[in-house]
Amino acid sequence: MRRFALLPLILALAGCGLHPLYGGGTHGVVASTLRSVQVAPIAGKDGWLVRNKLIDRLGENGSGAAQYRLDVTLDDNITAFGLRSDQAATRERRTLRARFQLVDLSNGSVLLDATAGSDAGIDIVSSEYATVAAEDTALENLSGIVADQIVARLALYASRTASR
């Protein structure tokens, strides 16, 4: 009886035009497009972290020559706030912003030009080592978040262009 109650909901969902982004699994259009993206080197420690996370998330580029290049420019900023009476900061905000462009290697045209970013709050404690460690941890976490946002935008682009 319960199965029959869910049947109208399943039919309504199937008729709404939604489809899975990664339909077809590893052999689908989106996954194969993501595997054909070469990530250009990104300057700095933050660039190294973001590039490695992007390479991990895009999948192996072992299916021949790359068709696309991903150019990323990062802006990493730490701002102190939360001042005490002696004018010492008690909090920091680390912001990581990325401007990225997907370039078609066959003709050099920019197919996608967008931004991604996130921020994290950091407590400033009496131990300078602990504060630096917290800043580094925040950078690692932000790198993963920004890489996830970039890959999601690339996947959405691949899905939309494949349906044309």
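Condition check for ALA65 on (1) surrounded by 10 or more Cβ atoms within 10 Å (Cβ to Cβ); (2) at pLDDT 65 or above: one failure, at (1).
Checking the stated criteria, ASP104 turns out not to satisfy the condition of being on the phi < 0 side of the Ramachandran plot, within 17 Å of the chain's Cα centre (by Cα) and acidic (Asp, Glu). Do we find that LEU112 is in contact (Cβ under 8 Å) with a residue 60 or more places away in the chain, touching a strand residue (DSSP E or B) at 6+ places or on another chain (Cβ under 6 Å) and part of a strand (DSSP E or B) in this structure? When the stated conditions are applied, LEU112 does not pass them.
Of all the listed residues (VAL125, VAL132, VAL146), the sole one being β-branched (Val, Ile, Thr) and out of contact with any Ser or Thr (no Cβ under 7 Å at 6 or more places or on another chain) is VAL132.
Is there a residue in the range 115-131 that is among the hydrophobic types (A, V, I, L, M, F, W, C), loosely packed, with under 14 Cβ neighbours inside 10 Å and assigned to a helix (DSSP H, G or I)? Among the residues of the range 115-131, at least one is among the hydrophobic types (A, V, I, L, M, F, W, C), loosely packed, with under 14 Cβ neighbours inside 10 Å and assigned to a helix (DSSP H, G or I), which makes the answer yes. Can you tell me which residue among ALA152, ALA158 is assigned to a helix (DSSP H, G or I), without any contact (Cβ under 8 Å) to a residue 60 or more places away in the chain and either surrounded by 13 or more Cβ atoms within 10 Å (Cβ to Cβ) or in contact with a Pro (Cβ under 6 Å, 6 or more places away or on another chain) (or both)? Of ALA152, ALA158, the one residue that is assigned to a helix (DSSP H, G or I), without any contact (Cβ under 8 Å) to a residue 60 or more places away in the chain and either surrounded by 13 or more Cβ atoms within 10 Å (Cβ to Cβ) or in contact with a Pro (Cβ under 6 Å, 6 or more places away or on another chain) (or both) is ALA152. Checking each residue in the range 115-140 for being of a type outside the set (Val, Ile, Thr) and in contact (Cβ under 8 Å) with a residue 24 or more places away in the chain picks out ALA116, GLY117, SER118, ASP119, ALA120, GLY121, ASP123, GLU135, ALA138, LEU139, GLU140. Considered as a group, the residues in the range 97-109 that are farther than 30 Å from LEU83 by Cα and either of a type in the set (A, V, I, L, M) or touching a residue at least 12 places away in the same chain (Cβ under 8 Å) (or both) include one that is surrounded by the fewest Cβ atoms within 10 Å (Cβ to Cβ), and that residue is SER106.
The values are calculated or read from the model by the stated rules, or taken from the named source; none is laboratory data. Note that the structure is a prediction, hence the values are computed from the model and not measured. Because the Cβ atoms are built from the backbone with ideal geometry, glycine has one as well, and the counts that use them run over all protein chains shown.
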